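Here is the structure we will look at.
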There are 2 protein chains.
Amino acid sequence: MRMGEGVEWGVHCCATLAWLQGEGPVPIRRLATWFDLPQEYLKKRLQALARAGILASTPGVRGGFSLARAPEQITLLDVVTALEGPAELFGCSEIRQRGAGSLGGDSEFVQPCGVAVAMRRAELAWRRELAGQTIADLMALAPRSGERTLRNYRNMTD
Amino acid sequence: MRMGEGVEWGVHCCATLAWLQGEGPVPIRRLATWFDLPQEYLKKRLQALARAGILASTPGVRGGFSLARAPEQITLLDVVTALEGPAELFGCSEIRQRGAGSLGGDSEFVQPCGVAVAMRRAELAWRRELAGQTIADLMALAPRSGERTLRNYRNMTD
């Protein structure tokens, strides 16, 4: 079980777009060159982030992607959910209620399955941590990235 | 991103084998009938749990699976790791060091990537919760299951 590589791409693109907020929409080809990523695959991920209201997509020759809201208001959980979907890590199919072992357990099965409850508790701890960390927090951790990002971006010739 | 269904099977089988600790090895066909699961697929999961030292496999006509250690010493993390592997949920491929955006960032890249650090922190919270919950805890949550499990098991005719 592993997240797709799109999550790494998505978070890094959000951070880069955060540093470049004053530069207008960033063309998809520039973002692909920025991280040496395949443009078409990256596009699909950025479109998913746009559908989730994290990025804004501007059409046209001077179009591209920009943040749709402030870096303080984009959490890692937002990005992970936009790219991996909202499904829980653990899927409970209630096997406790199936087969020969379930006979006579009817009143017990009114309570949620203890396995699912325990798995959900762990998953909530994971989601809580992801929800507590924003793109702005990542920017604060790498203060020198901002200057370098702007310099490199302005030097791009595409 | 989702765990395979084998995790649900594995945890429930561990709990059932915990209730049946006095009954000797439980044949794989009985466990499959118990939860109405496909025997061959279930076998692969139980063998993985045996390789991880969670279950013991006894060969022969009267053979089957039993717990290899006490229910207090089997955590949900043990079962998840045995069945899903030890890989982290988030894979970092250091895209920050690739492409046009990375120019001039060499000294920065000595530090671990903030995205990977943040993702790891969330993942540790998940693993910590899973490691804090044992098969014995699940048994304590469903005290009436023990009696029912024994009764149903002894009534099995296969």
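The values are calculated or read from the model by the stated rules, or taken from the named source; none is laboratory data. Every value quoted in this text rests on a predicted model; they were computed, and no experiment measured them. Virtual Cβ from ideal backbone geometry, glycine too; neighbours counted across all protein chains shown. Surface accessibility is based on the protein's heavy atoms, side chains included, excluding ligands, DNA and RNA. Shrake-Rupley method; radii C 1.70, N 1.55, O 1.52, S 1.80 Å.
Here is a list of conditions, (1) open to solvent by 40 Å² or more (accessible area, probe 1.4 Å); (2) at pLDDT 90 or above; (3) at the interface with another protein chain (Cβ under 10 Å from one of its Cβ atoms); (4) more than 28 Å from A:Arg127 (Cα to Cα), and B:Arg154 meets all of them except one; can you say which number that is?
Just one mismatch for B:Arg154, condition (3).
So, in the range A:69-102, how many residues would count as being surrounded by fewer than 17 Cβ atoms within 10 Å (Cβ to Cβ) and within 18 Å of A:Gly4 (Cβ to Cβ)?
5
Confirm whether A:Glu40 is at pLDDT 95 or above and open to solvent by 50 Å² or more (accessible area, probe 1.4 Å).
Details: at pLDDT 95 or above: yes; open to solvent by 50 Å² or more (accessible area, probe 1.4 Å): yes.
Judged against the criteria, A:Glu40 is a match.
Condition first: touching a strand residue (DSSP E or B) at 6+ places or on another chain (Cβ under 9 Å) and within 7 Å of another protein chain (Cβ to nearest Cβ). Now tell me which residues in the range A:73-109 satisfy that.
A:Leu76
Report every pair of residues separated by at least 6 positions or lying on different chains whose Cβ atoms are under 9 Å apart, first residue within the range B:117-143 and open to solvent by 50 Å² or more (accessible area, probe 1.4 Å), second acidic (Asp, Glu).
That search, which allows pairs on different chains as well, returns B:Arg120/B:Glu88; B:Arg121/A:Glu129; B:Leu124/A:Glu129; B:Glu129/A:Glu123; B:Asp137/B:Glu72.
With within 12 Å of the chain's Cα centre (by Cα), within 14 Å of chain B (Cβ to nearest Cβ) and open to solvent by 10 Å² or more (accessible area, probe 1.4 Å) as the only criterion, which of A:Arg30, A:Arg2, A:Arg45 stands out? Can you show your working first?
Numbers: A:Arg30 fails: within 12 Å of the chain's Cα centre (by Cα); A:Arg2 fails: within 12 Å of the chain's Cα centre (by Cα).
Selected residue: A:Arg45, the only one of A:Arg30, A:Arg2, A:Arg45 that is within 12 Å of the chain's Cα centre (by Cα), within 14 Å of chain B (Cβ to nearest Cβ) and open to solvent by 10 Å² or more (accessible area, probe 1.4 Å).
Step by step: first the residues of the range B:123-146, then only those that are out of contact with any Asp or Glu (no Cβ under 9 Å at 6 or more places or on another chain) and part of a helix (DSSP H, G or I), then the one that is nearest to B:Leu89 (Cα to Cα). Which residue is that?
Applying the filter and picking the extreme gives B:Arg127.
For A:Ser66, indicate whether it is surrounded by 14 or more Cβ atoms within 10 Å (Cβ to Cβ), more than 30 Å from B:Pro143 (Cβ to Cβ) and in contact with a Pro (Cβ under 6 Å, 6 or more places away or on another chain).
Working: surrounded by 14 or more Cβ atoms within 10 Å (Cβ to Cβ): yes; more than 30 Å from B:Pro143 (Cβ to Cβ): yes; in contact with a Pro (Cβ under 6 Å, 6 or more places away or on another chain): yes.
Yes; evaluated as a whole, the condition is true for this residue.
Being in contact with an Asp or Glu (Cβ under 8 Å, 6 or more places away or on another chain), modelled with pLDDT of 95 or more and farther than 26 Å from B:Glu88 by Cα narrows it down to one residue among A:Arg51, A:Arg120, A:Arg69, A:Arg30; which is it? Quick ask: steps written out before the conclusion?
Values: A:Arg51 fails: in contact with an Asp or Glu (Cβ under 8 Å, 6 or more places away or on another chain); A:Arg120 fails: farther than 26 Å from B:Glu88 by Cα; A:Arg69 fails: in contact with an Asp or Glu (Cβ under 8 Å, 6 or more places away or on another chain).
Just a single option satisfies the conditions, and that option is A:Arg30.
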